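The values are calculated or read from the model by the stated rules, or taken from the named source; none is laboratory data. Keep in mind that what you see is a predicted model, and the values were worked out from it rather than measured. Reconstructed Cβ throughout: ideal geometry from the backbone, glycine too, with neighbour counts over all protein chains shown. Please note that ligands, DNA and RNA were not included when accessible areas were found on the heavy atoms of the full protein model with its side chains. Shrake-Rupley method; radii C 1.70, N 1.55, O 1.52, S 1.80 Å.
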Amino acid sequence: CEPGALSTLTPGTLTFGTDQPVYPPWFVDDDPASGKGFESAVAYAIADGLGYQRDAVTWVRVPFNAAIQPGPKPYDLDLNEFSITPERAQAVDFSAPYYDVKQAVVALENGPAAGAASIAELKTAKLGAQVGSTSYQAILDQIAPESPPAVFNTNDDAKLALSNGQVDAIVVDLPTAFYITSAELEGAKIVGQLPLGSGTPEQFGAVLDKDSPLTPCVSAVLEGLRADGTLAKLEQEWLASTETAPELR
C-alpha cells in the first residue's frame with residue numbers, strides 16, 4: 001500500500017466513481033470533486049491516506065446499478081451509499097465500512113401514510129424505493145406490505161411519484177430523508193425510521209472490482225480514519241442534523 005506502488009487504472013491517479021446526479025448530504029451541488037458533502041470528504045480522506053494529493057484524484061460517473069455489476073470497472077473505487085450485502089459481495093469487493101445506516105419512511109404531510117406510528121400501519125400503504133437498493137429490501141424484509149412496492153430508477157423518480165400521489169410513502173436512508181423533507185419536497189415529513197434489528201447494522205462501504213489489490217489498502221485507511229476519529233468528525237460536520245427521528249416498531 002505504499003504511495004506510488006498502487007495498481008490503479010491510471011498510474012499516479014486515483015479514480016473515484018459515483019452516480020449522476022448525487023445529492024446532499026453526501027455530495028454538494030452535484031460536484032463530487034468539491035470535497036463538500038460526507039462521501040466527497042471521505043473520498044479525499046481516503047485519497048490522502050493512500051498518498052494521493054487532491055490534483056491526483058479524478059472522478060467518473062457510473063449509474064448505481066452498473067457500479068455493482070460483475071466485470072471490469074471504470075473506477076478504482078466507488079462511493080455512492082452502497083450498503084454492504086453478501087449478495088453484492090459475490091460480484092464486487094467492499095472496503096471496510098465508513099457509515100452505519102438507518103432507513104426511514106418519507107410521506108406527504110396530508111397523505112394516507114403520514115400518521116403511521118408503527119410498521120403494522122404501513123402494511124396497507126403503497127410504498128416505493130430505488131431499484132436494487134437496500135431501501136427497497138428494507139420494505140420487503142421489515143415492513144412486508146400487502147402489495148408489492150414500486151421500484152424507481154432513482155430517488156428523484158421516487159420523490160416525483162410521491163409528490164404525484166403514485167405512492168403513499170418512499171423509503172430512503174435517514175440522512176437523505178432529512179434532506180428531502182427539509183430542502184427538496186415541500187409538505188413532506190419523516191414518518192419514522194426503521195429499527196436496526198439485531199446483529200451487524202447496515203453499513204456503507206466503498207465498492208471496488210472483485211479481488212482488487214486496492215481493497216485491503218482502502219480498508220486499512222478507513223479503519224484508521226475510524227480509529228482516529230476522522231469519520232466521526234466528518235459525520236458531525238455533514239450529517240449532524242440527521243440524528244433523530246421517531247422509530248417505528
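Scanning residues 5 or more positions from GLN203 or on other chains, those with amide H under 5 Å from its amide H are ILE84, VAL101, with H placed 1.01 Å from N in the peptide plane.
The GNM of the chain, with springs linking C-alpha atoms under 10 angstrom apart, assigns the highest mean-square fluctuation among PHE64, PHE94, PHE152 to PHE152.
Once you have a ≥ b ≥ c as the square roots of the Cα gyration tensor eigenvalues for the stretch 127-171, tell me rounded if a/c is under 1.5, and otherwise prolate or oblate according to whether a/b is larger than b/c.
Details: a/c = 2.37, a/b = 1.34, b/c = 1.77.
Because a/c hits 1.5 or more and a/b fails to exceed b/c, the stretch 127-171 counts as oblate.
For the stretch 153-248, the solvent-accessible area with a 1.4 angstrom probe is 46 square angstrom per residue. Gap in Å between the Cα centre of the stretch 1-67 and the Cα centre of the stretch 142-207? Distance between centres, Cα-based: 25 Å. Mean-square fluctuations from a GNM of the chain, with a 10 angstrom spring cutoff on Cα atoms, peak among ASN155, ASN80, ASN110 at ASN110.
For LEU140, the solvent-accessible surface with a 1.4 Å probe is about 70 Å², rounded to the nearest 10.
Taking all protein chains together and rolling a 1.4 Å probe, VAL60 ends up with roughly 40 Å² accessible.
Remark: the stretch 53-60, residue by residue, has Karplus-estimated 3J(HN,Hα) of 6, 4, 6, 9, 10, 10, 10, 10 Hz, where x stands for each Gly or Pro and the curve is 6.51 cos²θ - 1.76 cosθ + 1.60 at θ = phi - 60°.
Under the definition of Cα pairs under 8 Å and six or more residues apart, what whole-number percent is the relative contact order of the stretch 129-179?
39
ILE119 exposes around 20 Å² of accessible area when a 1.4 Å probe is run over every protein chain in place.
Sequence-ordered 3J(HN,Hα) estimates for the stretch 170-182 from the Karplus curve with 6.51, -1.76 and 1.60 and θ = phi - 60° stand at 10, 10, 9, 5, 4, x, 5, 4, 5, 5, 4, 7, 8 Hz, glycine and proline given as x. Computed over the stretch 138-249, relative contact order equals 27 percent, with contacts defined as Cα pairs under 8 Å that lie 6+ residues apart.
Defining a contact as two alpha carbons under 8 Å apart and six or more residues distant in sequence, what relative contact order in percent does the chain show? Display every interim value, and only then the final one.
Working: 475 pairs, mean separation 66.6, N = 249.
Normalised by residue count, the contact order of the chain is 27 percent.
For GLN142 and ALA56, a Förster radius of 30 Å and the Cβ-Cβ distance give a FRET efficiency of 0.10, rounded to the nearest 0.05.
Residues in the stretch 1-127 average 42 Å² of solvent-accessible surface per residue, probe 1.4 Å, ligands and nucleic acids excluded. Of GLU247, GLU87, GLU186, GLU81, the order by accessible heavy-atom surface (1.4 Å probe, DNA, RNA and ligands excluded), from most exposed downward, is GLU186, GLU87, GLU247, GLU81.
Between ALA33 and LEU9, the modelled label-to-label distance comes to 1.4 nm, taking each label 7 Å out from Cα in the direction of the beta carbon. Taking the Cβ of GLU81 as the center, what net charge do the other residues with Cβ under 13 Å away carry, scoring Lys and Arg +1 and Asp and Glu -1? With Lys, Arg at +1 and Asp, Glu at -1, the net is -4.
On the chain, 50 percent of the accessible area sits on carbon and sulfur atoms, based on a 1.4 Å probe. Evaluating 6.51 cos²θ - 1.76 cosθ + 1.60 at θ = phi - 60° for every residue in the stretch 106-119, the Karplus couplings come out as 10, 9, 7, 4, 9, x, x, 9, 4, x, 4, 10, 8, 5 Hz, glycine and proline recorded as x.
The share of Cα pairs per 10 Å bin across the chain, counted from zero up to the longest distance, runs 7, 32, 35, 19, 6, 1 percent.
Gain on full extension, evaluated as 0.36 nm per residue between ALA120 and GLU247 minus their Cα-Cα distance, stands at 44.4 nm. Cross-linked pairs LYS210/LYS233; LYS73/LYS126; LYS159/LYS233; LYS159/LYS210; LYS123/LYS233; LYS102/LYS210: Cα-Cα separations exceed 28 Å for LYS210/LYS233; LYS73/LYS126; LYS159/LYS233; LYS159/LYS210; LYS123/LYS233. If you sort TRP26, TRP238 by accessible surface, 1.4 Å probe, largest first, the order is TRP238, TRP26. Residue ranking by accessible heavy-atom surface, 1.4 Å probe, largest first, among ARG88, ARG54 comes out as ARG54, ARG88. Using Cα atoms only, what is the angle between the long axis of helix 215-227 and the major principal axis of the chain, expressed in degrees (0 to 90) to the nearest 10? So the helix axis and the longest Cα principal axis differ by about 70 degrees.
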